[in-house]
1. Can you tell me which of Gly52, Gly7 is closer than 22 Å to Thr95 by Cβ, outside any helix (DSSP H, G or I) and not aromatic (Phe, Trp, Tyr)?
2. Looking at (1) β-branched (Val, Ile, Thr); (2) within 19 Å of Lys17 (Cβ to Cβ); (3) more than 13 Å from the chain's Cα centre (by Cα), which is the only condition Thr112 fails?
3. Looking at Asp36, Asp70, which one is in contact (Cβ under 8 Å) with a residue 24 or more places away in the chain, among the acidic types (Asp, Glu) and closer than 22 Å to Phe146 by Cα?
4. Do we find that Leu76 is of a type in the set (A, V, I, L, M, F, W, C), farther than 26 Å from Gly118 by Cβ and touching a residue at least 40 places away in the same chain (Cβ under 8 Å) in this structure?
5. Looking for whichever is closer than 26 Å to Ser158 by Cα, of a type in the set (S, T, N, Q) and modelled with pLDDT of 95 or more here; the options are Asn38, Asn16, Asn29. Which one fits?
6. Is there a residue being crowded, with 17+ Cβ neighbours inside 10 Å and in contact with a Leu (Cβ under 8 Å, 6 or more places away or on another chain) anywhere in the range 50-59?
7. Applying the selection to the range 106-132, what residues are touching a helix residue (DSSP H, G or I) at 6+ places or on another chain (Cβ under 8 Å), free of Cβ contacts under 8 Å to residues at least 40 places away in the same chain and not aliphatic (A, V, I, L, M)?
8. Check Asp70, Asp39 and return the single one that is within 16 Å of the chain's Cα centre (by Cα) and under 21 Å from Leu108 (Cα atoms).
Amino acid sequence: MKIIAFGGSSSKNSINKKLATYAASLFENGEVEVLDLNDFEMPVFSVDVEEGIGQHVLAQSFLDKIASADVLVVSLAENNGNYSAAFKNIFDWCTRINGKVFQQKPMLLMATSPGGRGGATVLEIAKNAFPRFGTEIKGTFSLPNFNDNFDVEKGQISNSEFDNQLKGIIAGF
């Protein structure tokens, strides 16, 4: 089973990428590829830019990665109550090529943040929007207070209650 995982942030120390990487590692017999949004950096999307350069090759590359997956593991960063600009830009470019960006792949949708809400606002936005863009969300998970509940050295959730919750969701796949 091929799993494509990514954190919806361009931060080189993305806590969402760390959570997505950990969650993807919990799937049995999974071949995991973790994407870095920095590898898909494109000009800010606008129809004028698109008219000038056409469909961006990196958007197609991102879509090709999604196409190669059996399962998507996505953990979204929350910037001012919404998607990060880096994720939204990639998403916007991709929708111009394929409106069903997620290509009917099942998804584990997550978010985390240093705060107590754990990215709940962006998680809710994505939970409502992503099915229209071609995914079946098989489970959602929010990890609040990342710095208190995730052991960066070990690369795993340190709070057993949250860890067991995530493992239960993944068992449902």
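The values are calculated or read from the model by the stated rules, or taken from the named source; none is laboratory data. Everything quoted here is computed from the prediction, not taken from an experiment. Neighbour counts run over all protein chains shown; Cβ positions are idealised from the backbone, glycine included.
1. Result of the check over Gly52, Gly7: Gly7.
2. Thr112 satisfies all of (1) β-branched (Val, Ile, Thr); (2) within 19 Å of Lys17 (Cβ to Cβ); (3) more than 13 Å from the chain's Cα centre (by Cα) except (3).
3. It is Asp36.
4. no
5. Asn16
6. no
7. Matches in the range 106-132: Gly118 only.
8. After applying the criteria, what remains is Asp70.
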